[in-house]
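The values are calculated or read from the model by the stated rules, or taken from the named source; none is laboratory data. The structure presented is a predicted model; accordingly, all values stated were derived computationally and were not measured. As a convention, Cβ positions derive from the backbone with ideal geometry for all residues, glycine included, and neighbour counts pool all protein chains shown.
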Amino acid sequence: TAARVLGEAAHRRGMPVSVSQLHGMSQRGGAVQSSVTIGSDRVLPPSTAAADVVVALELIEALRVLPRIGPETTVLCNLALVAPPGTSLAGTRAPSSEEIVAAIRVRAGYAQFIDASALAAECGSAHAVNAVMLGALSALPVCPVPAEELLAAILDGVRPAARASCERGFALGRSALRA
C-alpha cells in the first residue's frame, strides 16, 4: 500500500513512475517487496539493482534487502521486529534488532530508525504504520514529492473513518525525523 501511494503521488506530479511487487508467500505471513521507480522509464523488479531509498515497515524486511543497500542508499526503517516463520524450530533464531540495525548502519549511507508501530498505536490504529512511515519519508530530503501531496494521496485511498488516524500518523512520522 505504501508503494502504491508513493507511486500515485509521483504520478500526480507528472513524473514517470512504475510500481512493482513480489508477494512470495505473503498470504501465509511471508515477505512482500515493492519497488517504486520514479523519474525513469526503466522498470526494475523489486529484487534487482541498488536502491536509492529503502523504506522498511519492519526490521526483517530491511534485512531481506540488505544486498541492495549501499553507501548511496538512504534507509528508513520501523523498529518493529517480526520473526519469520520457522525461527522457532530447534536450532534457528531470528537476528536481534541490534544485529539488524548494526548491519544496516554499516552498509547504508544514511539510516534512520523509528518506532512507527508505537506511533501508529498513538493514532488508535495499528494500520497507520504506512502513514507514519510515509510521513517520516516526507521529512527526508530524498523524498521525491512534497509532503502535502503525499498526504493527499494517502487520504484519497482510505475510507473516511480512517482519515484522522492516517493524518495523525503522517504528522507523527514527520515529527519523528525532525526531532
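Selection of strands (runs of 3 or more DSSP E) fully inside segment 28-126 by the criterion of at least 1 residues being out of contact with any Asp or Glu (no Cβ under 8 Å at 6 or more places or on another chain), at pLDDT 90 or above and closer than 30 Å to Gly14 by Cα returns 53-56, 74-78, 110-114. Taking every residue in segment 92-104 that is closer than 18 Å to Val65 by Cβ and pairing it with any residue that is in a helix (DSSP H, G or I), at least 6 positions away or on another chain, the pairs with Cβ-Cβ distances below 6 Å are Ser97/Leu59; Ile100/Leu59; Ile100/Leu63; Ile104/Ala62.
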